[in-house]
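The values are calculated or read from the model by the stated rules, or taken from the named source; none is laboratory data. Note that the structure is predicted; figures quoted are calculated from it, not measured. Quick reminder, even Gly has a Cβ in these numbers, built from the backbone with ideal geometry, and neighbours come from all protein chains shown.
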Amino acid sequence: MESTQSGVTLVELVVVVSIIAILATAAVPVTRWQVKRAKERELRAALWEMRGAIDRYKDAAERGAFQTKVDSFNYPPDLSSLVDGVDVQEKKVRFLRRIPRDPMTNSTEWQLRAMQDDADSTSWGGQNVFDVHSKSQGTALDGTKYSEW
C-alpha cells in the first residue's frame, strides 16, 4: 500500500516566511513616504487657506468695508481675527472657520510674518499678519524646509 503525505516541509516554510519578510521591509519606506506626502498636501492646503483668508481680509479693508489700524497696511492683526471676524454694516464677516492645524507640528501655532518684517525673519514683529509659515524645522521630500513654504 502506497501512502501519500501532503504538507509543507520546514525548508519550504522558511523560504516563504523569508520572502514575506523581504517584501514587508520593502513596503515600510514606501508607506512612510506616502504618509509624509499626505502631510505635505495637508500643509499646502492649510497655508493656501490661511493666505487666501489674509488676502480676502486685506481686499475688504482696502474697499473700505471696515477700519484697520494705520500701521497694519490693511492686513489682519492676528490669525484669530480672521476666525472671530469683523463687523461690516452690522454683520459679522468671518474669513476662516477655524485656524487650520499644522500637520507637521500637530498644532495650530504658526510662524507669522508682518509686512514690516524682513523676508527671512523668523520672529514676528506683531504689527499685522502678512504671511504664515510652518514652525516645523523638518525637510520636505523635495529637499526644502517646511518653514520656507
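General observations
- Selection of region 23-33 for residues being surrounded by 10 or more Cβ atoms within 10 Å (Cβ to Cβ) and either more than 27 Å from P103 (Cα to Cα) or at pLDDT 85 or above (or both) yields only W33.
- Check on R98, under 29 Å from Q34 (Cβ atoms), among the charged types (D, E, K, R) and touching a residue at least 12 places away in the same chain (Cβ under 8 Å): yes
- Among the residues of region 136-148, the one identified as buried (at least 16 other Cβ atoms within 10 Å of the Cβ), assigned to a loop (DSSP other than H, G, I, E, B) and of a type outside the set (A, V, I, L, M) is S136.
- Picking from residues in region 34-43 that are surrounded by 12 or more Cβ atoms within 10 Å (Cβ to Cβ) and out of contact with any Leu (no Cβ under 9 Å at 6 or more places or on another chain), the one that is farthest from K91 (Cα to Cα) is K39.
- Region 101-121, residues that are touching a residue at least 12 places away in the same chain (Cβ under 8 Å) and closer than 30 Å to R37 by Cα: R101, D102, P103, M104, T105, S107, E109, W110, Q111, L112, R113, A114
- Applying a threshold of 7 Å to beta carbon distances and a minimum spacing of six or more residues, or different chains, the list of pairs starting in region 60-89 at a residue that is acidic (D, E) and ending at one that is surrounded by fewer than 16 Cβ atoms within 10 Å (Cβ to Cβ) reads D87/F66.
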